[in-house]
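Enquirer: Encoded as structure tokens, here's the structure I'll be asking about.
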């Protein structure tokens, strides 16, 4: 059942989930993710598990953002009028 759910997940769904997770962290800690990540990497915030998870989510976000074809080459994204022709 889990395998089927993972196979049916679209990259766009993953991207939306990462953004949702980052927003939750930002609201909880009252800090933008980019500022958090810079401070985290500089060693200013410690290594609490929650902060490590936030840093990982931010790095995943950066990777997805750097490879937009993962987002626009999905059936859902292709149905939007703003999608570039493929």
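Enquirer: Please give, to one decimal in nm, the separation of the simple spin-label points placed at residue 48 and residue 27, each 7 Å out from Cα toward the Cβ.
Expert: Going by the 7 Å Cα→Cβ label model, 1.8 nm.
Enquirer: Let me ask something additional. Calculate, in nm to one decimal, what residue 65 and residue 20 gain on full extension: separation in residues at 0.36 nm each, minus their alpha carbon distance.
Expert: Working: separation 45, 0.36 × 45 = 16.20 nm, distance 1.45 nm.
That works out to 14.7 nm of additional length.
Computed from the coordinates by the stated procedures, all read-outs in this text should not be read as laboratory data. Quick caveat, the model's predicted, so the values are computed rather than measured. Note: ideal-geometry Cβ built from the backbone for every residue, glycine included; neighbour counts use all protein chains shown.
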